[in-house]
4 protein chains.
Amino acid sequence: MTVSASPERRRELLNTAAEVFAAQGYNATTVRKIADAAGMLAGSLYYHFDSKESMVDEILATFLTELWDGYDAVLAAGLGPRETIEALVTESFREIDRHRPAVAIYQKESRHLAAQPRFGYLTDSQQKFEKAWLGTLERGVTEGVFRADLDIRLTYRFVRDTVWVAASWYRPDGHHSPEEIARQYLSMVLDGIAVRT
Amino acid sequence: MTVSASPERRRELLNTAAEVFAAQGYNATTVRKIADAAGMLAGSLYYHFDSKESMVDEILATFLTELWDGYDAVLAAGLGPRETIEALVTESFREIDRHRPAVAIYQKESRHLAAQPRFGYLTDSQQKFEKAWLGTLERGVTEGVFRADLDIRLTYRFVRDTVWVAASWYRPDGHHSPEEIARQYLSMVLDGIAVRT
Amino acid sequence: MTVSASPERRRELLNTAAEVFAAQGYNATTVRKIADAAGMLAGSLYYHFDSKESMVDEILATFLTELWDGYDAVLAAGLGPRETIEALVTESFREIDRHRPAVAIYQKESRHLAAQPRFGYLTDSQQKFEKAWLGTLERGVTEGVFRADLDIRLTYRFVRDTVWVAASWYRPDGHHSPEEIARQYLSMVLDGIAVRT
Amino acid sequence: MTVSASPERRRELLNTAAEVFAAQGYNATTVRKIADAAGMLAGSLYYHFDSKESMVDEILATFLTELWDGYDAVLAAGLGPRETIEALVTESFREIDRHRPAVAIYQKESRHLAAQPRFGYLTDSQQKFEKAWLGTLERGVTEGVFRADLDIRLTYRFVRDTVWVAASWYRPDGHHSPEEIARQYLSMVLDGIAVRT
DNA sequence: CATGAATGAGTCTTCATTCAT
DNA sequence: TATGAATGAAGACTCATTCAT
């Protein structure tokens with residue numbers, strides 16, 4: 001594997017690449033576009049990275065590592081189901097805030113990429129993800145804090161999608177902090193948008 | 001424009017193409033893959049269509065036409081805000097049911113395609129869409145049926161995304177009819193997943 | 001695997017490719033050079049072949065198949081050691097005559113190519129080859145028709161190289177038929193170039 | 001021309017390069033592979049050498065200089081034709097022993113390289129070579145020590161190839177000294193491998 | 001209607017080479 | 001002397017598209 005001496009340059013380039021991947025899609029992003037955005041020639045990128053693929057790889061792997069650091073901390077905290085969901089959602093919006101391009105790439109390309117062995121960790125992560133969220137929801141139903149009349153898998157998908165699609169429109173320069181957005185989302189998800197009668 | 005003699009063959013081919021586009025993404029879908037799926041050679045597709053682009057074009061345009069037929073009927077019915085939202089959501093899940101590949105393509109590629117003049121109608125549709133949903137939500141807030149303490153644009157995105165992402169996992173062979181899914185989604189969106197205390 | 005309908009065109013192109021490979025070496029031969037020699041564009045070759053590699057593959061495999069057809073016939077004929085060597089040498093020069101470019105490629109590139117699993121048959125062939133020649137020589141020593149005072153492996157290499165290097169200078173338009181060359185080579189190999197005293 | 005301070009380092013590097021060139025072929029050898037083998041970075045080689053080409057150049061030129069030192073001594077010794085051939089063959093195996101990588105490179109690449117003006121000396125050397133060997137053989141035929149019934153150019157190629165291909169399998173750590181191998185080769189070439197009847 | 005064959009532009013990648021430090 | 005980083009030209013391969021049959 002190509003590893004350049006200065007990790008800062010590497011990270012810089014990966015940030016640039018992530019931005020372009022997120023904006024144009026992995027396939028539509030040519031190595032030349034990334035290089036242009038980085039102010040160098042296409043071939044020069046290969047001094048730092050093995051391939052275009054290894055770039056997404058590193059972008060996604062880095063993001064998922066950080067994501068799971070946060071998630072695992074939440075899951076280990078021994079909170080009740082509702083508080084766990086609240087903490088996971090908040091953590092998710094924080095990740096979207098910090099890794100927006102990576103999250104957008106993950107959303108658009110992970111299904112596609114996961115077909116390759118190299119990206120097996122995407123599938124692994126997705127399974128861990130499902131277990132964490134679905135498990136918490138089930139616990140909540142059991143403990144009577146979440147509604148029992150809903151299809152639990154539907155609920156899971158609802159909550160999951162609801163959070164992560166936000167990465168497609170979220171712009172960090174907006175007026176809302178990730179915590180503020182999380183609070184509103186949680187309010188909608190938990191209590192609905194209808195006025196209580 | 002190339003027009004083949006039999007419109008049925010044309011529609012068949014477009015269905016095939018839509019399936020492949022949805023499964024692999026527009027860019028990753030080669031004309032050859034579509035032709036393979038249709039049991040012909042790549043070049044032969046050009047008897048029926050001008051280009052790969054004109055295929056997505058026709059797929060998306062057909063879908064949007066039908067979608068707006070349904071939406072316009074709902075919007076013209078003079079329902080109250082809550083009933084309008086319910087009808088729009090239900091209509092949306094019906095469209096997902098009937099045009100799943102088209103919806104999936106729309107989700108993944110529309111931002112990307114809308115950059116080209118040829119696909120200007122995607123932007124138009126999106127604006128009409130926003131006006132319809134956002135307007136209904138605002139009306140609902142004014143009339144006191146939707147919560148006033150939420151950022152209305154956030155609510156809009158929440159409801160919109162919540163519905164359409166379903167196209168990414170929806171499988172028509174499932175146990176749930178579109179109406180059943182719509183009912184559950186509406187229940188979650190309107191009343192939340194938390195048990196009322 | 002790409003297989004064009006007309007095997008003749010395929011063979012034509014392979015002949016062209018073999019000529020270029022033989023003249024310039026596999027690595028130094030660009031796909032464009034082959035295409036130029038064939039009067040088409042580089043990309044067009046990929047309608048007929050999967051890759052540059054698959055071209056050499058087919059060239060070498062075809063050659064080796066024919067070679068072993070001939071060799072196996074000789075080995076199955078139940079000849080004495082000396083007659084076997086004579087027949088093998090003659091057969092070899094015939095193959096050089098018919099597949100000169102393929103033989104030249106085999107000489108120059110087989111060691112290099114054999115490293116890849118795809119070309120495993122090169123190693124197999126080489127082992128069969130060694131067994132056939134070395135075995136015959138050993139039989140000859142045992143039966144007293146070949147000298148016993150020589151290192152048998154050295155003799156094997158001597159005879160083997162002696163024959164096959166001829167491919168590097170042999171030109172089919174020469175005055176010598178393959179049989180004539182074989183006869184002279186055999187005379188040298190068997191009886192030496194020195195005048196008997 | 002770049003000239004490094006210590007000629008020993010230069011020679012070390014050339015030996016390394018020759019080894020890699022011989023093992024992988026000139027074209028397939030990247031400057032980076034040579035640098036790896038030498039324990040430095042690719043760019044660093046350019047402190048010592050002008051180019052990859054100048055490396056082979058120096059390797060081959062050095063080898064040919066030494067070869068001709070030996071050959072010229074033999075040719076000047078006034079030996080009879082048979083003794084001259086014996087001495088040349090022995091000298092050749094000694095060169096193979098001392099410059100195996102260079103000889104291998106010469107075998108594989110000289111035809112290819114000779115096309116460039118810079119390597120004109122390869123053609124010159126080859127012509128001198130032919131004159132020496134062919135002349136000696138002709139003298140031998142005239143003097144009645146070599147067979148007159150053979151095509152003399154065929155004989156020349158036979159003897160020449162017979163000796164030099166050995167470089168492709170010769171390994172200095174073997175049981176045979178160059179002189180021993182030369183003796184056996186000469187015995188085969190001069191007297192043949194068949195038992196005299 | 002469909003095939004077979006080709007085009008040509010573009011993509012990812014490699015690599016010899018340069019040069020400031 | 002050697003490194004790190006970059007250049008730029010070229011190479012293998014892909015793919016939308018064309019067109020004669």
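The values are calculated or read from the model by the stated rules, or taken from the named source; none is laboratory data. Just so it is clear, the structure is predicted and the values come from calculations on it, not from any experiment. Positions of Cβ are backbone-derived with ideal geometry, glycine not excepted, and every protein chain shown enters the neighbour counts.
Counting only residues that are within 24 Å of D:Q184 (Cβ to Cβ) and facing another protein chain (nearest Cβ under 7 Å), which one in segment C:160-183 is nearest to the chain's Cα centre (by Cα)?
My answer is C:V165.
Does at least one position in segment C:1-13 carry a residue that is within 14 Å of DNA strand E (Cβ to nearest atom), surrounded by 15 or more Cβ atoms within 10 Å (Cβ to Cβ) and either without any contact (Cβ under 8 Å) to a residue 12 or more places away in the chain or of a type in the set (A, V, I, L, M) (or both)?
yes
Could you pull out the residue among A:L41, A:L75 that is farther than 24 Å from A:R9 by Cα and either surrounded by fewer than 20 Cβ atoms within 10 Å (Cβ to Cβ) or of a type outside the set (A, V, I, L, M, F, W, C) (or both)? Break it down into steps so the answer makes sense when it comes.
Details: A:L41 fails: farther than 24 Å from A:R9 by Cα.
Going through A:L41, A:L75 in turn, the sole match is A:L75.
When only residues in segment D:138-156 that are crowded, with 20+ Cβ neighbours inside 10 Å and within 8 Å of chain C (Cβ to nearest Cβ) count, which is nearest to the chain's Cα centre (by Cα)?
Once the filter is applied, the top-ranked residue is D:T155.
Mind counting the residues in segment C:157-178 that are polar (S, T, N, Q) and surrounded by 18 or more Cβ atoms within 10 Å (Cβ to Cβ)?
2
Can you name every one of the helices (runs of 4 or more DSSP H) wholly within segment A:83-197 that holds 1 or more residues which are closer than 18 Å to B:V163 by Cα and acidic (D, E)?
Because the criterion is at least 1 residues that are closer than 18 Å to B:V163 by Cα and acidic (D, E), the helices (runs of 4 or more DSSP H) in segment A:83-197 that meet it are A:152-164, A:178-191.
Among the residues in segment D:42-64, are any under 30 Å from D:F146 (Cβ atoms) and within 14 Å of the chain's Cα centre (by Cα)?
There is at least one residue in segment D:42-64 that is under 30 Å from D:F146 (Cβ atoms) and within 14 Å of the chain's Cα centre (by Cα).
If you check C:R118 against the conditions, is it over 26 Å from D:M188 (Cα atoms), touching a helix residue (DSSP H, G or I) at 6+ places or on another chain (Cβ under 7 Å) and among the charged types (D, E, K, R)?
The answer is yes for C:R118.
Per-residue answers, yes or no, for (1) modelled with pLDDT of 95 or more; (2) away from DNA strand F (no atom under 16 Å from the Cβ); (3) not aliphatic (A, V, I, L, M):
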site	(1), (2), (3)
A:A18	yes, yes, no
A:Y26	yes, no, yes
A:T29	yes, no, yes
A:D36	yes, no, yes
A:A42	yes, no, no
A:L45	yes, no, no
A:F49	yes, no, yes
A:S54	yes, no, yes
A:L60	yes, yes, no
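Can we say A:V89 is on the phi < 0 side of the Ramachandran plot and within 11 Å of DNA strand E (Cβ to nearest atom)?
On the way: on the phi < 0 side of the Ramachandran plot: yes; within 11 Å of DNA strand E (Cβ to nearest atom): no.
No.
Can you tell me which residue in segment B:28-58 is farthest from the other protein chains (Cβ to nearest Cβ), limited to those that are in a loop (DSSP other than H, G, I, E, B) and near DNA strand E (Cβ under 10 Å from one of its atoms)?
Only one residue tops the list, namely B:G39.
Answer yes if at least one residue in segment D:188-197 is touching a Lys or Arg at 6+ places or on another chain (Cβ under 8 Å), within 24 Å of C:Q107 (Cβ to Cβ) and at pLDDT below 95, and no otherwise.
Yes: segment D:188-197 contains one or more residues that are touching a Lys or Arg at 6+ places or on another chain (Cβ under 8 Å), within 24 Å of C:Q107 (Cβ to Cβ) and at pLDDT below 95.
Residue under question is A:L134, and the condition is that it be in contact (Cβ under 8 Å) with a residue 12 or more places away in the chain, away from chain B (no Cβ under 12 Å) and surrounded by fewer than 20 Cβ atoms within 10 Å (Cβ to Cβ); does it hold?
yes
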